[in-house]
1. Can you give the extra length, in nm with one decimal, that the chain gains between VAL130 and VAL109 once fully stretched, where that is 0.36 nm per residue apart less the Cα-Cα distance?
2. What do you get for the angle between helix 90-103 and the principal long axis of the chain? Use alpha-carbon atoms, 0 to 90 degrees, nearest ten.
3. In debye, nearest 20: dipole of the chain around its Cα centre with unit charges on the Cβ of K, R (+) and D, E (-)?
4. Starting from the amide H of SER35, placed 1.01 Å from N in the peptide plane, find each other amide H under 5 Å away whose residue is 5 or more places distant or on another chain.
5. Sort 132-144, 16-28 by packing, meaning the average of other beta carbons within 10 Å per residue, with the highest value first.
6. Determine one quarter of the surface area of the Cα convex hull of the chain, which equals its mean projected area, and express it in nm² to one decimal.
7. Hey, what angle do you get for helix 36-53 against the long axis of the chain, alpha-carbon based, 0 to 90 degrees rounded to 10?
Amino acid sequence: MHHLAHRRAALLGPSWVAIPALGGALCALVVPGASTTATAGATVLAVGALALLAGHTWGLLVVVPSHLTLVGRLWPMLALSSPSQSPPGGDLEAFAISMVLVTALPGLVLAATLLPRITALVLVDRSPRVQSLVVAATAMLLAAALILPAL
């Protein structure tokens, strides 16, 4: 069963991450109350997604952190909005932000799956303890990319 999931993902290529990332970038661009930094983050996310669709592996290094940072910028807008006092465009804003959050999931799954493998490839001559520490530190940095923009 586990091999079937990997085979299906291999057949899809990077599109299972890139297409949702591109959709998330487009949704972030239509959020009415988004800041200019969120708009810039959406643009960077779109560039990374397009690079990934074009076959450039570096696009993945752009997609994951930019999507997490974008989510970090937008989730407080959704969390702090109250349904009773929503402006006329509030439903569109809530839907667009929700779509940005949902479209971040494939990138997160890929990062969680590949991070230990990439670390093992890069740090071949290091002990498993050092590799685990690098994976944990990288996961903490990704969590910071999700939380710090909201502050």
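Every number in this text was worked out from the coordinates using simple rules, so none of it is lab data. These numbers were taken from a predicted model, which means no experiment stands behind them. So basically every Cβ, Gly included, is an ideal-geometry build from the backbone, and we count neighbours across all protein chains shown.
1. That pair, VAL130 and VAL109, stretches by 5.3 nm at full extension.
2. 0 degrees
3. So the magnitude is around 460 debye.
4. none
5. Ranked by mean Cβ neighbours within 10 Å, highest first: 16-28, 132-144.
6. The orientation-averaged projected area of the Cα hull of the chain comes to 10.5 nm².
7. 40 degrees
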